[in-house]
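This report refers to the structure that appears directly beneath it.
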Amino acid sequence: MKQTVDRAAQKVLDSTIGRQAKTVWDRSEAMEPRCGFGDLGICCTICLQGPCRIDPFGPPDQKGCCGADADTIAARNFIRAIAAGCAAHSDHGRDIASTLLHAAKGGTGGFRITDAAKLNAIAAELGIPAEGRSPEQVAEKVALACLEQFARSPLPFMQRAPEPLKKKWSQATLWPKGIDREVVEVLHRTHEGVDADYRNLILSGIRAALADGWGGSMLATELSDILFGSPSPIRSKANLGVLKADEVNIVVHGHEPALSDMVARASREGELLDYARHKGAKGINVCGLCCTSIELLMRQGYPALGNFLSQELAILTGAVDLMVVDVQCVMPGIQDMAKCFHTELLTTSPKAKMPGVNHLEFEESKAHALAHEIVRRAVDAYTRRRPERVNIPDEVMDLVAGFTVENIFTNLGGTFRSTFRPLNDAIISGRLRGVAAVIGCNNAKVTQDEGHLAMTRRLLAADVLVVQTGCSATACAKEGFLRPEAALELAGEGLREICETVGIPPVIHMGSCVDNSRVLRALCEMVKEGGLGGDISDLPVAAAAPEAMSEKAVSIGCYAVGSGVFTVFSPPPRVEGSRNVVEFLTRGIEDVTGGKFCFERDPVKGAEAMIAHMDAKRKALGLSPMMYKEKIYKEKK
Amino acid sequence: MKGVIVIDVEKCLGCRSCQVQCALEHSHSKNLVEAIRERPAPRARVRVEAVDGLAVPLQCRHCEDAPCVRVCPSHALEKPGIDDPVSVTNERCIGCSLCILACPFGVIDMDVTGKAIVNCDLCVERLKNDRLPACVEGCPTKALQFKSLKDVSSGKRRKYLTAIARGDR
């Protein structure tokens, strides 16, 4: 299998040092063949009587020690993954809420309220009066109201959903009882000898996923906007070529925006710039990996070095002076890579340490000072850089990011408020077929970026507007799909017209993985705008994670399905050892929430399934036939 | 490739990955997700048996003077040459089960239809393409290995000498 379609990544892997280095792909190959029981989700390690395995080639009536069959085992494993995903996103949200609280109370860390208008809008939504109160007083109430959601219902942002969806949630008792409570409940239900009904288990998992999407993730997005500013369309660059040979290169990696925002600020301060110049560098270059990078890109235009599978390659260029990581998707493998270079690796979260790696703990009250220390260390590391070992590929791509529900259509319509009318009209008239969210990770089992690019190309050719987040957005950014010009090269005629009129690229970058909550909001806005049915499940839209890797992706997939979205997910979650669980996730659940999964592994066939779904929804709504013939899709070799 | 499947009993964790890989290799699709839906279900020719905490994968030893071959009345079982595996021609098998009774290791099974036997074929097709037998390739701890008998005995000699040199013996 080819490792990557990213030319910069391939160059680094093919370099003399790259060929010697052990990377994620080598380790992945060493894992082959993967354990069949684990892969199919029918190995149960929950109680100490096990591990119990169901022989996938054996007779149908097999049971584990306790009597659990393949359905129960697969469903239990599956929803534990959802709970972990919900926990990761939501704990990130909790940290943002606590940083907002810190800022509101006048903390010394240097955090402040950046978007007061958004603060007031959210306060109004949460029923917190802003009149006669200072932004700090309002922010304190907002932060506390968000922290409340972890312990108990209601999750007020769920009220954004269309009425029919809310009714479905009520009928299936899918309203979360609190974000943390749903995670706890999944762990309780999956404990030995509790819930054995795979449908009941999966619905509990969906409830936890909804607590993620409409709770933890959504409040992370909204509060990050308040703290660090709401994004607006912004130009930047992507890929390994953004590293600079003559500047101090600081790479922020992980998921949270709080520390990286401070590091970026510190890197612009005169005192530290002078220090860098004094040590022989021309400047300080901050860039990033994974979603921490995207938070900085969306709000301040800092370039994106790469996505999940590029993290070791960044260090392999020999040009990274310091990599500072927080939480999630930080491969422990980077510590071995960093040891081979001058690169200083720093962990900062009390939740994420690595043995033998320097740890500077992030505390809100000392954030500014910590950021200074980090930049200073990076400059010191720069002096140890060995130019003969530096190998920066020249691949750099332009991009436009920074789209949100609030700003995406502000430029059009001539009104002061943003409106989704242009989008709905374009779909109704048949200029656009629909909207697809292509999101998710990289996975070493799949050629890096190939799934994202092939699927997105196929969708664009069929006049589907593509919105993206996370590693998927970075994949398409590196390939140039996030440039407005990409509409000319890749989009069908109808989509191209829309892109030219609104002035947007055909692929819309909506942020980090918690920002998939922006996509949920966008779907609500489309329903609210009218003309496309009364529920999210009526819309000609679909979602996909063509290179899914993490438990967070499983949770995102489940809240998409739980909100009525047709969702292509590959590689599939580990449920394929149970026919009933697969059947329920890919068919049965549609009767409950209106959404369902499709476990198609081929990204182009996945895109075609999404297109077929959109066509079916268009037909059900009685929309006009497509205005233009589909652009001939050519698979790029 | 010529050789025999060798088992290092100390390394077997009893994970049954060899069974899964064997059944997968003997499926039509050779794709795990599709293979588990095939009917009749593909069968593993290797079985991990466990007694008193000792787990060992067992499969056909492809005996030189194979009792199963000797008792087979319809010449469905054959051992063409000394290095060749015992092979089964399903069309000739009359399902008399004499081989199952004769095998000293209990590694021959009747297939689910009861019409013919299933036995390890040493993955002959893979060997022709210089690929290890599926169970060997699938073993995560290398408890299963594919070696020539020469390598087995030379390995044993070295192990024996090392023990003497270390004073373990």
Note on the range A:509-637: alpha-carbon gyration tensor, axes a ≥ b ≥ c; rule is a/c under 1.5 for rounded, else prolate if a/b larger than b/c, else oblate; result rounded
Residues A:K605 and B:T162, FRET efficiency given R0 of 41 Å [Cβ-Cβ distance, rounded to 0.05] = 0.15
Projected onto the charge dipole of the protein assembly as shown (unit charges on the beta-carbon of Lys, Arg, Asp and Glu, signs +1, +1, -1, -1), the Cα from B:Y160, A:I589, A:I498 with the largest positive-side position is that of B:Y160
Residue exposure sequence - A:V330, A:V5 - by fewest surrounding Cβ within 10 Å | A:V5, A:V330
³J(HN,Hα) computed for each position of the range A:452-465 - Karplus, 6.51 cos²θ - 1.76 cosθ + 1.60, integer Hz, glycine/proline x | 4, 5, 5, 5, 5, 4, 5, 5, 4, 5, 9, 6, 9, 6
Compute the convex hull volume of the Cα atoms of the range A:170-268, divide it by the residue count, and report the result per residue in Å³ as a whole number.
-> 187 Å³
Please determine, in degrees from 0 to 90 and to the nearest 10, the orientation of helix B:149-165 with respect to the longest principal axis defined by the Cα atoms of chain B, where the helix direction is its Cα long axis.
-> 30 degrees
Which ³J(HN,Hα) values in Hz, rounded to whole numbers, follow from the phi angles of the range A:561-568 under the Karplus curve 6.51 cos²θ - 1.76 cosθ + 1.60, where θ = phi - 60° and Gly and Pro get x?
-> 4, x, 9, x, 9, 6, 10, 8
The FRET efficiency for B:S153 and B:E34, from their Cβ-Cβ distance with R0 = 56 Å and rounded to 0.05, is 0.85
Quick one: dipole size for the range A:371-496, taken about the Cα centre, charges +1 on Lys/Arg Cβ and -1 on Asp/Glu Cβ, in debye to the nearest 20.
-> 320 debye
Roughly how many whole Å is it from the C-alpha centroid of the range A:170-184 to that of the range A:583-633?
-> 28 Å
Report, by chain and number, residues whose modeled amide H sits under 5 Å from the one on A:L322, excluding near sequence neighbours (fewer than 5 apart, same chain).
-> A:N249, A:V251, A:E344
What residue among B:V136, B:V118, B:I100 has its Cα farthest toward the positive end of the dipole of the range B:81-166, where the charges are +1 on Lys, Arg and -1 on Asp, Glu, each on the Cβ?
-> B:V136
For the range B:99-149 and the range A:335-409, what is the separation of their Cα centres, given in Å?
-> 52 Å
Where does each of A:H613, A:H92 land when they are ranked from fewest to most other beta-carbon atoms within 10 angstrom?
-> A:H613, A:H92
Take every Cα-Cα distance within the range A:240-362, group them into 5 Å bins from 0 onward, and report for each bin the whole-number percent of pairs it holds.
-> 2, 12, 23, 25, 22, 12, 3, 0
For A:A543, other-chain or 5+-apart residues with amide H closer than 5 Å (H placed, Pro excluded) are A:A437, A:F566, A:T567, A:V568
Among the Cα-Cα pairs of the range A:3-109, the proportion with separation greater than 24 Å, in percent, is 59 percent
For the range A:39-116, whose charge dipole is built from +1 on Lys and Arg Cβ atoms and -1 on Asp and Glu Cβ atoms, the candidate among A:I42, A:A74, A:L101 with its Cα farthest towards the positive end is A:L101
Residue exposure sequence - A:T347, A:T586 - by fewest surrounding Cβ within 10 Å = A:T586, A:T347
Using only Cα atoms, figure out Rg for chain B and give it as a multiple of 2.2 N^0.38 Å.
-> 1.12
Between A:K353 and A:E32, what is the FRET efficiency for a Förster distance of 30 Å, r being their Cβ-Cβ separation, to the nearest 0.05?
-> 0.50
Could you give the distance between the Cα centres of the range B:1-28 and the range A:468-547, to the whole Å?
-> 48 Å
Quote the charge dipole size of the protein assembly as shown about the Cα centre in Debye, to the nearest 20; the model charges only the Cβ of Lys and Arg (+1) and of Asp and Glu (-1).
-> 1180 debye
Cα convex hull of the range B:18-65: how many Å³ per residue?
-> 107 Å³
Which percent of Cα-Cα pairs in the range A:64-108 sits in each 5 Å bin, short to long?
-> 5, 19, 14, 12, 11, 9, 8, 7, 6, 5, 4, 1
Beyond 10 Å, the calculated P(r) of the range A:464-504 holds a percent of Cα-Cα pairs equal to 70 percent
Which value in Å does the Kirkwood hydrodynamic radius of the range A:242-292 take, with 1/r averaged over all unlike C-alpha pairs and then inverted?
-> 11.3 Å
Structure shown: which of A:K177/A:K528; A:K22/A:K445; B:K11/B:K156; B:K2/B:K142; A:K167/A:K617; A:K11/A:K244 lie over 24 Å apart, alpha-carbon to alpha-carbon?
-> A:K177/A:K528
By the gyration tensor of its Cα atoms, with a ≥ b ≥ c the square roots of the eigenvalues, what is the shape of the range B:1-96: rounded for a/c under 1.5, prolate for a/b over b/c, or oblate?
-> oblate
Interchain or sequence-distant (5+) residues whose placed amide H lies within less than 5 Å of the amide H of A:A161 are none
Using θ = phi - 60° and the Karplus curve 6.51 cos²θ - 1.76 cosθ + 1.60, what whole-Hz ³J(HN,Hα) does each residue of the range A:141-149 get, with Gly and Pro shown as x?
-> 5, 5, 4, 5, 5, 6, 5, 4, 5
Rotationally averaged projected area of chain A (alpha carbon convex hull; nm²) = 27.2 nm²
Quick note, the range A:474-544: a/c under 1.5 would make it rounded; otherwise a/b > b/c is prolate and the rest oblate (a ≥ b ≥ c, C-alpha gyration tensor); here it is oblate
Lys, Arg +1 and Asp, Glu -1 on Cβ, resulting dipole of the range A:455-546 about Cα centre, debye, nearest 20 | 320 debye
Given the options B:S17, B:S87, B:S154, state which has the largest fluctuation in a GNM of chain B using a 10 Å cut-off (strictly under) for Cα springs.
-> B:S154
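Values in this text are rule-based calculations from the coordinates and carry no lab data. What you are looking at is a predicted structure, and each value in this text was computed from that prediction instead of being measured. Heads up, the Cβs are rebuilt from the backbone with ideal geometry, glycines too, and the neighbour counts pull from every protein chain shown.
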